[in-house]
Every structure is written in structure tokens, then in C-alpha cells.
Amino acid sequence: MEFNDYQKAANRTLFGSEQVLTNCALGLSSETGQVVDLVKNYTFHGQNLDKDELTKEMGDVLWYLSQVAQWADISFDDVAKSNIERLNKRYPSSNDVQ
């Protein structure tokens, strides 16, 4: 799936028009915390890493991130491309990622 296609499909499920940015930013923080908690429990508490749950939580992070970009009228493809360009500059000796 292309990032922009994901962004459009995800936006279909965004409800409300007031304080959308704040809601999405807070949701992003909350869902990121759930990812961190899964990793913490695996790393420090000897729990199995539930990949299905991790996938679900990472999907929630992706949804909120896409909607912050949507609110700001930023293409999700542009977010991804910009990030790879920055990584290639930061790590020039690594193989360039396309």
C-alpha cells in the first residue's frame, strides 16, 4: 500500500472537526506508549513479545501519524521520502535506501 493511499483511507475513519490536531497528537503519544510498554515488558520483564499486539499498536501509531500529516496538509509520501533523504545524509557511508 502506498503511503498517500493509506493516509486517505485512514482519514475516512477520522471523526470530529474540533481540536483534531490535539486529539491526534495525544492519541499518537498514547499509542506510542503502548508500543514502548510492549517492548519494555519483553526487554525487562521476560514477557514474550506478542507480535500480533505489536503490529496492532504500531498500526494505531501509523493511523495517528497519518492524520497529523493530513491535518497539516502534508503528504504522507512526502513524510516518508523526507525521512529517507535525511537518513541518507546522516549515514552517508551506509547503503542509500530508496
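Readers should treat all values here as calculations from the given coordinates under stated rules, not as data from a laboratory. If you're wondering where the values come from, they're calculated on a predicted model, not measured in any experiment. Counting neighbours? That spans all protein chains shown, and the Cβs are built from the backbone with ideal geometry, glycine included.
A few remarks follow.
- Listed by first and then second residue, the pairs with beta-carbon distance under 8 Å, at least 6 apart or on different chains, first residue in region 6-18 and farther than 15 Å from ASP60 by Cα and without any contact (Cβ under 8 Å) to a residue 12 or more places away in the chain, second surrounded by 10 or more Cβ atoms within 10 Å (Cβ to Cβ) and not aromatic (Phe, Trp, Tyr), are GLY16/ASN23.
- Condition check for LYS81 on (1) surrounded by 12 or more Cβ atoms within 10 Å (Cβ to Cβ); (2) among the charged types (D, E, K, R); (3) outside any helix (DSSP H, G or I): one failure, at (3).
- Scanning region 1-39 for residues that are crowded, with 16+ Cβ neighbours inside 10 Å and not in a helix (DSSP H, G or I) yields one hit, LEU14.
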